[in-house]
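The structure appears below as structure tokens.
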Amino acid sequence: MTESTKTVCPYCGVGCGLEVSPPAQLGKATHRDSHGNPIWRVRGDKAHPSSQGMVCVKGATIAESLDKNRLHYPMVRDSLDREFRRVSWDEAFDIIVNRIQTLRLTTGSEAICMYGSGQFQTEDYYMAQKLLKGCLGTNNFDANSRLCMSSAVAGYIQSFGSDGPPCCYEDLELTDCAFLIGTNTAECHPIIFNRLEKYHKKNRKVKVIVVDPRRTPTAEAADLHLAIRPGTDIDLLNGIAHLLMRWNYIDTAFIDDCTSNFPAYAEVIRHYPPEVVARQCGISVEDLETAARYWGQSNRVLSLWSMGVNQSSEGTAKVRTIINLHLMTGQIGKPGAGPFSLTGQPNAMGGREAGGLSHLLPGYRVVKNPQHRAEVEEFWGLKPGQISPNPGMTAWDMITGLENGNVGLVWVAATNPAVSMPDLERTKKALLRSPFTIYQDAYYPTETAAYAHVLLPAAQWSEKTGVMTNSERMVTLGPAFRQPPGEAKPDWEIFAEVGRRLGYHKEFAFANSAEVYAEFVKLTGDRPCDMTGISHQLLQQSPTQWPHPQERGIEEVESRLSRIPLQGKRLYTNLRFHTPDGRARFGAYHSRGLAEPPDPNYPFVLTTGRLYGHWHTQTRTGRIEKICQMHPEPFVEIHPRDAAKLGITDSQWVEVRSRRGKARFPAKVTKAIAPGTVFVPMHWGALWAENAEANALTHPESCPDSLQPELKACAVQLVPVAAESVVTDKTTRTRAEIGA
Ligand SMILES: Nc1nc2c(c(=O)[nH]1)N[C@H]1C(S)=C(S)[C@@H](COP(=O)(O)OP(=O)(O)OC[C@H]3O[C@@H](n4cnc5c(=O)[nH]c(N)nc54)[C@H](O)[C@@H]3O)O[C@H]1N2
Ligand SMILES: Nc1nc2c(c(=O)[nH]1)N[C@H]1C(S)=C(S)[C@@H](COP(=O)(O)OP(=O)(O)OC[C@H]3O[C@@H](n4cnc5c(=O)[nH]c(N)nc54)[C@H](O)[C@@H]3O)O[C@H]1N2
Ligand code: SF4
Ligand SMILES: [Mo]
């Protein structure tokens, strides 16, 4: 084969198009990794509408990670202190199905749960929903997206009556003012940042504002950087609103015709005068006024946000407070404007469409809505009442469920909770108590494998065919173009086989993922995320954005959805929303601050996040030389003033302690971090460094609406310690060595 394949990058939610060609091409030298394996060539797909040929270092090097440290065969063990033994798929399926049947007969399905991932393809997500929420009758399916964008989902639903980011990437090149809050776009959504940067450089009148306690590469490029204290976003946003109101930059016609609840909001923002807000946020009144002026004087304002907003105990309130600013100034439903949540994972959006959180059902439906449940039951051919009316366990509920004995089986797929969950000591203890853990991953070892009774080898990107949706609702097909290693199987096939063995033959009679997708899209008919016109066949021609109803149905569907236009790049262009009265709702929120504010014992706020080259828990990027050279070791960023007070010098070792645990890092003394705040990257789990886990320190306190944990802030103390070395010999360590 010499032809190239078009696909989508499996890392971040930008969703860049890639073009991949086989290692050996006639007349050209084969590119090999350090083990001599031939490496597929990757370049940007110039025809992809989202990325236009651009890629970042992660996408460009993805092929180098595909063959290293893969899990090849199903493995089982009776208890966590035993060694794994290789078994056939048949035996693994028998063991799993027996466990599930026993639990259904004894404790009931509510003791069964699955923790999945925004790195699933939509087909994987859909099969898992049908298996758990449909056939087993438990809503205990949650995904790592709970830790990622559930606040954005809750905020959109509360303000607009439905989930769904209303903007598109073209807006980056049409705006007059980009307001980036809680997002390090330059490192985490690099191609979105490139598009904005290029446009900003050419159009100096365009303003870029960045709100982040760190001076990130994103903040470096801004016209105005507001280095607010962590957890003061609502103060800032209400403070901007206060000034917009005072200076009469508000759009009264829009407020009157298209929104509700403005009076309650107006009452709240009255309490946020500039002097109070500036003090609270730790910024100057001038900077606050400049931000409000940039916003108020721009014809088109686009706000972008990600984890600095969502990962908060008031995450939903923060999202709604951003949306409020758009509503009060009429900045929505037009080119270059709108509240744009950037999704983190490559298919977090597909997960939302397929109902991949414990309170959702496929097609932007919710578990609590009786009509939604009835529609899905009927479609799946289940008896009425089969879908439980109760939202299932969230990711953190599964941990507490293990603690209190309510969970009898936990099935983890495409996520590495032994690194990425909050309060790791508690998480690991709970995992150790699990009666039965299935772990389905592409790589071995990972930190979570140490807690599994059954390991199932997953085929990953390049080895399975499926669909992903990016931040701008662009749907792209990722076709298989290589064989999976050993006996690895696509996630959806594993779920479907378990379904058949549980007796649901008809429900899981799919020959391929195109058939799975075809069934899934039918459930989106007449829904805000209507994609009934999309199929694998259509996507083979080109990626496409939703809404995308079947041609013949568009007008009919539009009229049923109160004439909300169902095609086009932007949502809400007719200024009608999915709420019962068609109006967008203002949310009226006072700032509540951090769940665990600093105090004399724990005087610093720790914030955590990402670096440009690494992806989360390093299962791929830790095996790519170029990336490891870029980011050789973990560190803690400390402001020079704080470092001087504690007698800490650059590169000196520091122990960071919270109420829950501790970790050690070399200090990076830098003005890039606000005084009183320290930053640690999340990428170094127990396999990759000694005691450098960010989540040894974090807490699980969550937003009451979205149930998303506040991974962005906890109180810590800093203690200088003697020098030592940190980075370990990668993947050769045993279970005992990683503390399992
Ligand atoms: N290179 C790389 N890119 C990625 C990923 C990766 O692992 N590596 N992961 C992907 C995923 S899943 C996600 S979710 C996204 C995350 O993308 P981002 O959200 O951009 O990344 P983070 O580094 O987690 O956090 C962003 C910023 O929030 C700031 N912050 C902390 N506390 C506060 C606060 O109280 N207020 C405000 N305004 N800001 C605050 C932090 O200082 C940090 O710079 O990245 C995606 N892209
Ligand atoms: N302190 C702190 N903690 C955080 C965050 C933070 O900002 N700070 N961010 C949170 C956020 S936003 C996120 S998204 C999470 C991410 O945290 P995780 O989800 O734990 O991170 P990953 O390393 O991406 O894990 C994905 C796993 O899926 C495997 N995999 C890849 N492809 C496939 C496939 O096709 N099938 C299967 N079965 N497996 C596959 C990979 O090998 C890897 O083990 O971390 C959260 N934790
Ligand atoms: S920006 Fe995101 S989607 Fe694009 S190449 Fe980089 S990691 Fe992949
Ligand atoms: Mo994420």
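The values are calculated or read from the model by the stated rules, or taken from the named source; none is laboratory data. In this text, all values refer to a predicted model and were calculated from it rather than measured experimentally. Using ideal geometry, Cβ is built from the backbone for each residue, glycine included, and neighbour counts are taken over all protein chains shown. All accessible areas refer to the heavy atoms of the entire protein, side chains included, with ligands and DNA or RNA removed. Shrake-Rupley method; radii C 1.70, N 1.55, O 1.52, S 1.80 Å.
Points worth noting:
- Selection among Leu244, Met398, Leu409 by position relative to the dipole of the chain gives Leu244 as farthest towards the positive end (Cβ unit charges, Cα centre).
- For segment 5-65, a simple Cβ point-charge model (Lys and Arg +1, Asp and Glu -1, everything else neutral) yields a dipole of about 120 debye relative to the Cα centre.
- Dipole magnitude of segment 166-342 about its Cα centre (Cβ charges: Lys, Arg +1; Asp, Glu -1), debye to nearest 20: 340
- Candidate cross-link partners of Lys522 among the aspartates and glutamates, defined by an alpha-carbon separation under 18 Å and a same-chain spacing of 8 or more, comprise Glu123, Asp124, Glu353, Glu375, Glu377, Glu378, Glu507, Asp530, Glu551, Glu555, Glu556, Glu558.
- Charged side chains reduced to their Cβ positions (Lys and Arg at +1, Asp and Glu at -1) give the chain a dipole of some 640 debye around its Cα centre.
- Heavy-atom accessible surface of segment 166-342: percent carbon and sulfur, 1.4 Å: 47
- The chain: equivalent-ellipsoid semi-axes (sqrt of 5 x gyration tensor eigenvalues, Cα, Å): 37, 32, 26
- Accessible carbon and sulfur surface of segment 361-429 relative to its total accessible area, %, 1.4 Å: 51
- Percent antiparallel among DSSP beta bridges (both partners in the chain, rounded to 5): 45
- Summed residue charge, Cβ within 15 Å of Thr343's Cβ, Lys/Arg positive, Asp/Glu negative: +1
- The residue among Thr216, Thr573, Cys529 whose Cα reaches farthest toward the positive pole of the charge dipole of the chain, with charges on the beta-carbon of Lys, Arg, Asp and Glu, is Thr216.
- A dipole drawn for the chain from +1 and -1 charges on Cβ atoms has a positive end, and of Thr427, Pro704, Leu718 the residue lying farthest that way is Leu718.
- Close amide H contacts of Ile228 (hydrogens built in the peptide plane, cut-off under 5 Å, sequence separation of 5 or more or a different chain): Asp212.
- Segment 166-342 - convex hull of alpha carbons, volume per residue in Å³: 102
- Residue-normalised accessible area of the chain, expressed per residue, 1.4 Å probe, Å²: 35
- Classified by the C-alpha gyration tensor, segment 310-375 has a prolate form. Its axis ratio a/c, with a ≥ b ≥ c, is 1.5 or above, and a/b is larger than b/c.
- Close amide-amide hydrogen proximity is noted between Leu304 and Phe179, Leu180, Ile181, Phe340, each under 5 Å apart and 5 or more residues distant or on a separate chain (H modeled in the peptide plane; Pro and chain starts excluded).
- The mean of 1/r over all pairs of different alpha-carbon atoms in segment 468-529, once inverted, gives a Kirkwood hydrodynamic radius of 13.9 Å.
- By accessible area, using a 1.4 Å probe on protein heavy atoms only, segment 604-738 has 50% of its surface on carbon and sulfur.
- The alpha carbon gyration tensor of segment 27-141 gives principal lengths a ≥ b ≥ c with a/c of 1.5 or higher and a/b no greater than b/c, which makes the shape oblate.
- Percent of beta bridges antiparallel (DSSP, segment 558-687, rounded to nearest 5): 45
- Listed pairs Lys201/Lys334; Lys68/Lys662; Lys133/Lys712; Lys58/Lys668; Lys68/Lys626; Lys130/Lys428 exceeding 26 Å between Cα atoms: Lys68/Lys662; Lys133/Lys712; Lys130/Lys428
- Cα gyration tensor, segment 102-244 - rounded (a/c under 1.5), prolate or oblate: prolate
- Neighbourhood net charge (15 Å Cβ-Cβ; Lys/Arg +1, Asp/Glu -1) for His639: +3
- Taking the centroid of alpha carbons for each part, segment 135-199 and segment 642-703 are 27 Å apart.
- With the convex hull of its Cα atoms as the shape, segment 604-738 has an orientation-averaged projected area of 9.0 nm².
- Fully extending the segment from Glu286 to Val57, taken as 0.36 nm per residue of separation minus the present Cα-Cα distance, adds 78.6 nm.
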